[in-house]
Amino acid sequence: MLKQNSRLISRLERLGDNAIIVAAFIAAYYGRDSLIFWSDILDLSSPFEGHGPLAPIKDYFIVLVVALVGYAVSLNLMGAYGSMRLSSVWRLFRLSLLSSLFVFFMLAATLFLLKVDISRAYVALFVLLSGCGLSLERYSVLKFLRYWRRKGRNFRNVIVCGVGEQAIKLAREIVGRPELGIHIRAFADLRTPDRHQVATVRQLRSDLAGTVQVGRLLLGTEAVCGALEDYAIDEVIFTDVVEVMPQVEEMILACAEQGVRTTIAADLFSIGLIKSGISYFGGMPLIHFQTPPGDSWELALKRGIDIVVSGALLVALSPVFLLLALGVKSTPGPVIFRQTRVGLNGRLFQMLKFRSMHVGAESSLAQLRERNEMRGPAFKMRDDPRVTPFGRLLRRFSLDELPQLWNVFTGEMSLVGPRPPVPGEVSLYERSSRRRLSMRPGLTCTWQVSGRSEIVDFESWVKLDLQYIDNWSLTGDLILLLRTIPAVLLGTGAR
């Protein structure tokens, strides 16, 4: 029954999508002229100003055909016609937005290649109306389905195979979201029944008291197989599977024989900060465990911003580079200092800086170790005798870091991220400190804008970097960049 309902809803969605696209096509055609009319009446500036009336509507049918195909392909690829049971409102809006962007570029490319002379403003209005219509449709369907499920319709009966923390967390989530339409018919402990399980049953009932009615508790795989025959079970969810992998495999085969869907909790180990995800390599499902920020699309956008901004700054600041290079040459030695640093996940790269020290400064570092002002593996010294007079000026305003824009442009660094350490420091790291290397190093980070000259404890430095990584966002990067500007201009971030 549920599968039939799912197929019916999917078909209705497809019909609704096509109807909305056709309606948007007609509304954009006749609405464009209306916008011009009201713009003239109200004496408003209009993006359609200077454009005459549209050609006959039949000349625009190519837009409708391409859009119908484009939306069908993009929505299918993004899984828009799958189950909405666990979907968020934001995910539905995102599907409509991304598919509309795809169709817009598809239409632009088609019209360009075929040399079709059609109003570009009309195309933009059509895609905008289509995207808004699809978003509103999906939002309405989701709200209706969740209302329907709260009334006890279109629900799924599940067995939760597990009695540990994951099972408890899952059960509370299901009970707290009745709009999902999931009924827990029973819990199951797949281990071989013995006297020790009595305590497990009592503990489960105690943990779930007041939130979830435990009801039936099945002991062993045979009891679960019997429940598949006796109850109307739609799905079996396996949690806390590490100790019962052989039994899970047996139960998956038993469920498959009866056409019952099975699901395994991806967070197999329930390790707090670590997040899990699933992908496919060929036909093989793979479960990934990773700490923030992971491999999100925002990181790809962050990399794009790095390329654009660093490239623009390299060109715009080229006169400044020349002046600084002349200043560096006031003392013997090369203009650019190259130093091996540790980047993303331990990759070594050559970090570039304007030379701010005398030649051979690194060889005398060992003699200055006893004057290190930083507690921990990192080295910091306020009045370092190796620094040249011009180098002190460079360091005060962080001008020696400007060549690292090239490291950013080539992908070895980012505009914002933990500062890259030298290999000698990394070799002295505690294991937990190595997580600093899980994100691409940057020109600036929290440490730089928090008065780095006042931070003398390496553990505090690491804590700031890990807080940045755990709470990373594009907005946070923008805030740090804006905070870096006064820190550089005022010299408050000087080392």
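The values are calculated or read from the model by the stated rules, or taken from the named source; none is laboratory data. Small disclaimer: the values here were computed from a predicted structure and weren't measured. We place every Cβ from the backbone using ideal geometry, glycine too, and count neighbours over all the protein chains shown.
Remarks
- Scanning region 104-130 for residues that are modelled with pLDDT of 85 or more and among the polar types (S, T, N, Q), we see that the one that is nearest to F61 (Cα to Cα) is T110.
- Taking (1) assigned to a helix (DSSP H, G or I); (2) of a type outside the set (K, R); (3) under 30 Å from D240 (Cα atoms); (4) modelled with pLDDT of 85 or more in turn, G133 satisfies each apart from (3).
- Among residues of region 91-116 being within 18 Å of V65 (Cβ to Cβ) and without any contact (Cβ under 8 Å) to a residue 12 or more places away in the chain, the one that is surrounded by the fewest Cβ atoms within 10 Å (Cβ to Cβ) is K115.
- Region 178-195, subset among the basic types (K, R) and either surrounded by 16 or more Cβ atoms within 10 Å (Cβ to Cβ) or in contact with a Lys or Arg (Cβ under 6 Å, 6 or more places away or on another chain) (or both), residue modelled with the highest pLDDT: R185
- Among residues of region 401-420, those that are within 19 Å of R483 (Cβ to Cβ) and assigned to a helix (DSSP H, G or I), counted: 4
- Of residues in region 37-64 being of a type in the set (A, V, I, L, M, F, W, C) and at pLDDT 50 or above, the one surrounded by the most Cβ atoms within 10 Å (Cβ to Cβ): V63
- Checking each residue of region 383-400 against the condition of being in a strand (DSSP E or B) and modelled with pLDDT under 85 gives at least one match.
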